[in-house]
Amino acid sequence: MQTWLTVERFNTYLRASGNDAQRAFDLYQWNTALNAAFLHDFAHMEVALRNALHRQLATLVTPSLSWMSSQVALTTFPPLPATDKHGNSYDKNLWLRRKLEESREKFRCDETSTKFTTHVEGRIVANLTFGIWAELMDSRFEPSLWTLALHKAFSSGVSRQEVHSRLRTLNDFRNRIAHHEPNLRRANKAHRDLFWLLSVLDRDIQGHVRSHSEVAFLLSSRP
């Protein structure tokens, strides 16, 4: 068992189970099931989030433009000088423009085009990572994106800071799930954050996901 999982990986579960090998393996099985259940809920939340934000971003430009075109993206995400923890200078918005560029290239968009079909826009939206949508909630976009449009994707009175904080936590948690990592200490908070986000996006969606989710049951039945 430890050869299959590796000693280091299994030790996480051994420590959490008081060095009881059988309970540790039960805990590993439970964590695997929990991660899978979370992916179901994330699938609904992420699609709802990115489509809601896409609709609002589209309102920032005229109908003849796509917010994801290279010309518009350069205005929406302009070069922004910053310094990393090592003192190196970099453009803080470069990776956003590059991710959009990679998506346009993937779907063979003409880089000179300022407007794409609804079908192509949908494919680009689906191709962008969850981390990109979370980054759009950063404070540097408060005057240009949040105040002008993105706040309309959420319930009235919800703060950008609250959305950004919870999305960052959920993005980290989602990445751990994708890499099959232990989530023994993070799951309860992630569950609360995910359903909070659904509640401020659309309570009907929240109700649908809750009625089909297995996460709450699994959290209550931890070995």
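The values are calculated or read from the model by the stated rules, or taken from the named source; none is laboratory data. Just so it is clear, the model here is predicted, and its values are computed rather than measured. Cβ sites come from the backbone with ideal geometry, for glycine too, and all protein chains shown count toward neighbours. The area values use the complete protein model at the heavy-atom level, side chains included, leaving out ligands, DNA and RNA. Shrake-Rupley method; radii C 1.70, N 1.55, O 1.52, S 1.80 Å.
Just a few scattered comments:
- Lys115 open to solvent by 50 Å² or more (accessible area, probe 1.4 Å) and under 13 Å from Leu53 (Cβ atoms): no
- Of the residues making up segment 101-111, one or more are part of a loop (DSSP other than H, G, I, E, B) and among the aromatic types (Phe, Trp, Tyr).
- Residue within segment 117-125 that is modelled with pLDDT of 95 or more and within 22 Å of Arg160 (Cα to Cα) present: yes
- For segment 182-199, the condition of being at pLDDT below 95, of a type outside the set (Lys, Arg), in a loop (DSSP other than H, G, I, E, B) and open to solvent by 10 Å² or more (accessible area, probe 1.4 Å) holds for at least one residue.
- Within segment 144-153, if we keep just the residues that are touching a Ser or Thr at 6+ places or on another chain (Cβ under 8 Å) and buried (at least 17 other Cβ atoms within 10 Å of the Cβ), the residue that is nearest to Phe130 (Cα to Cα) turns out to be Leu145.
- When residues of segment 167-181 are limited to those that are within 10 Å of the chain's Cα centre (by Cα) and of a type in the set (D, E, K, R), the one most open to solvent (accessible area, probe 1.4 Å): Arg168
- Selection from segment 200-223 of residues that are in a helix (DSSP H, G or I) and either at pLDDT below 95 or more than 19 Å from Asn51 (Cα to Cα) (or both): Arg210, Ser211, His212, Val215, Ala216, Phe217, Leu218, Leu219, Ser220
- Contacts under 6 angstrom Cβ, first residue in segment 196-215 being more than 21 Å from Arg168 (Cα to Cα), partner open to solvent by less than 10 Å² (accessible area, probe 1.4 Å) and not hydrophobic (A, V, I, L, M, F, W, C), 6 or more apart: Ser213/Asp41
- Of the set (1) surrounded by fewer than 19 Cβ atoms within 10 Å (Cβ to Cβ); (2) touching a helix residue (DSSP H, G or I) at 6+ places or on another chain (Cβ under 9 Å); (3) at pLDDT 95 or above, all apply to Ser156 but (2).
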